[in-house]
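Nothing in this text is a laboratory measurement; each read-out follows from the coordinates by a stated rule. It should be emphasised that the depicted structure is a prediction, and the values quoted were computed from it without experimental measurement. Positions of Cβ are generated from backbone atoms using ideal geometry, with glycine treated the same way; all protein chains shown enter the neighbour counts.
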Amino acid sequence: MDTFQSIIIAIVEGLTEFLPVSSTGHMIITEKLLKVTEDDFSKVFTVAIQLGAILAVVVLYWKKFLNFNNWKFYAKIAAGVVPALILGFLFSDKIDALLESTTTVAVSLLVGGVILLFIDNVFKNPTIDKEEDVSFFKAIKIGIWQCIAMVPGVSRSAASIIGGMQQKLTRNAAAEFSFFLAVPTMLAATAYKLLKHYQDYGGFTANEIKQLAVGNVVAFVVAMLAIKFFITFLKKHGFKIWGYYRIVVGILLLILIFTGYIES
């Protein structure tokens with residue numbers, strides 16, 4: 001993996017991590033199109049650059065994350081992330097295997113796109129407009145929804161936002177709670193991947209450290225812009241446009257697979 005490839009993949013991560021379009025799916029597609037060599041480091045890289053993206057959440061919502069007197073906030077986020085930690089640990093190998101399947105990404109994008117076309121009409125009359133009103137039990141339920149995103153192409157953001165709306169959160173509140181859940185979820189996934197790579201290979205080369213540094217900086221900057229855009233857009237327009245986008249990308253991806261341009 002060279003610096004140009006790292007930057008492009010990091011831009012894709014920053015743009016898509018918090019949008020309901022699947023950052024993992026888009027990075028897999030990007031790697032295929034860029035002809036990135038599929039090795040252990042490339043798998044670590046696509047997970048590790050999430051650190052930059054989650055740092056953007058912490059910076060934008062620093063009043064939440066740095067208010068150490070608000071223990072309920074930390075407790076709810078911890079409760080919401082437990083289901084993903086358990087399932088991620090138990091099915092790590094199977095999840096890694098799915099990450100190699102571009103067909104899985106394409107189908108997930110299509111199915112998720114169809115769901116997003118109608119989701120605004122499914123969950124009506126929300127009653128919760130801020131994180132403070134989310135109970136511990138609701139946080140756990142949203143965390144269970146988030147686990148669906150372990151299938152590449154589903155989108156962690158979409159799954160947890162839909163879970164939030166199913167628990168009577170407004171679109172805005174569900175999106176913000178999804179951002180909060182992303183921090184410990186992705187931090188744990190990144191730490192696990194980095195530790196496993198260190199144990200298996202004894203560390204990282206100078207070039208790999210460089211690519212990780214570049215990727216995280218780029219992902220951080222782009223994610224800051226993407227989060228601000230998404231919240232503003234979501235309030236006005238809802239999810240339908242993202243549904244159409246997912247369907248178009250899914251169809252194009254299937255065409256590329258069937259024509260042999262990229263591997264399935």
Task: Kirkwood Rh in Å, taken over all unlike Cα pairs in the stretch 112-264 - done: 17.7 Å
- [ ] Rank these for me by crowding, Ser108, Ser101, going from fewest to most other beta carbons within 10 Å.
- [x] Ser101, Ser108
- [ ] Give the cross-link partners of Lys193 among the aspartates and glutamates, using a straight C-alpha distance below 19 Å as the criterion and excluding same-chain residues fewer than 8 apart.
- [x] Glu13, Glu17, Glu31, Glu38, Asp39, Asp40, Asp93, Asp96, Glu100, Glu208
Task: Diffusion constant of the stretch 132-200 at 10 °C, which comes from Stokes-Einstein with the Kirkwood Cα-pair radius and 1.306 mPa s, µm²/s - done: 126 µm²/s
Open item on the list: Let me check I've understood the local charge: for Lys130, count other residues with C-beta under 15 angstrom from its C-beta, Lys and Arg +1, Asp and Glu -1. What total comes out?
Closed with: +3
Open item on the list: Can you match Rg/Rh (Cα atoms, Kirkwood Rh) to one of these, (i) 0.95; (ii) 0.97; (iii) 1.15, based on a calculation from the structure here?
Closed with: (i)
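Helix hunt in the chain: which complete DSSP H runs extend at least 18 Å axially by C-alpha with mean Kyte-Doolittle at least -1.0?
Values: long enough: 3-16 (20 Å, 1.50); 71-90 (29 Å, 1.46); 102-122 (30 Å, 1.86); 171-201 (43 Å, 0.16); 206-237 (46 Å, 1.07); 240-258 (27 Å, 1.91).
Helix filter hits for the chain: 3-16, 71-90, 102-122, 171-201, 206-237, 240-258.
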Open item on the list: To make sure I understand, if each residue's beta carbon is the centre and we count other beta carbons within 10 Å, what order do Thr185, Thr170, Thr205 fall in, fewest to most?
Closed with: Thr205, Thr170, Thr185
Open item on the list: What does the net charge come to around Ala223 if you take all other residues with beta carbon closer than 12 Å to its beta carbon, with K and R at +1 and D and E at -1?
Closed with: -1
